[in-house]
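This report refers to the structure that appears directly beneath it.
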Amino acid sequence: FKVNITDIKIRRIYQDKKLKALVSITIDDQLAVHDIKVVQGPERVFIAMPSRREENGRFRDVVHPINVETRNMLEELILGTYFQYIEEHDISLYEEEVPPQEV
């Protein structure tokens with residue numbers, strides 16, 4: 001079966017070195033996934049799925065795509081929405097002195 005992302009919400013914008021945004025998605029108007037992170041990596045911006053810290057201190061994704069195609073589709077849709085939001089709201093990606101904005 002095919003999954004449709006029916007909504008993407010930018011929940012919070014950060015002007016931090018690494019964490020850039022928290023995002024929620026809705027799948028088929030029936031399932032919400034919160035706390036997807038938009039992260040600035042050393043070479044590119046990417047998404048990190050919601051995770052929790054285990055007893056050993058390592059983080060484990062709570063929800064994640066099963067295959068590369070789905071991950072790429074999610075990343076493309078989420079990052080597209082993120083960059084569009086940044087542009088529409090004239091938010092600089094590099095101003096660290098500005099406090100985080102509630103969205």
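The values are calculated or read from the model by the stated rules, or taken from the named source; none is laboratory data. Note that the coordinates shown come from a computational prediction; the quantities given were computed from them, not determined experimentally. Here Cβ is always computed from backbone atoms with ideal geometry, including for glycine, and neighbour counts include all displayed protein chains. Each accessible area value is taken on the protein alone, full model and side chains, heavy atoms only, with ligands, DNA and RNA left out. Shrake-Rupley method; radii C 1.70, N 1.55, O 1.52, S 1.80 Å.
Here the sum of -39500 (n - 2.57) over DSSP H runs of 4 or more residues, divided by the residues of the chain, equals -7000 deg cm²/dmol at 222 nm, to the nearest 500.
Just subtract the alpha-carbon distance of K17 and E55 from 0.36 nm times their residue separation and send over the number in nm, one decimal.
Contour length minus the Cα-Cα distance gives 11.0 nm.
Accessible area of T81 (1.4 Å probe, protein heavy atoms only, ligands and nucleic acids ignored): about 40 Å². About the centre of its Cα atoms, region 1-43 shows a dipole size close to 240 debye [charges on the beta carbon of Lys, Arg (+1) and Asp, Glu (-1) only; nearest 20 debye].
For the chain, the gyration tensor built on C-alpha atoms gives an oblate shape. Its axis ratio a/c (a ≥ b ≥ c) is at least 1.5, and a/b is not larger than b/c.
Each Lys and Arg Cβ is given +1 and each Asp and Glu Cβ -1; about its Cα centre, the chain then shows a dipole of about 440 debye.
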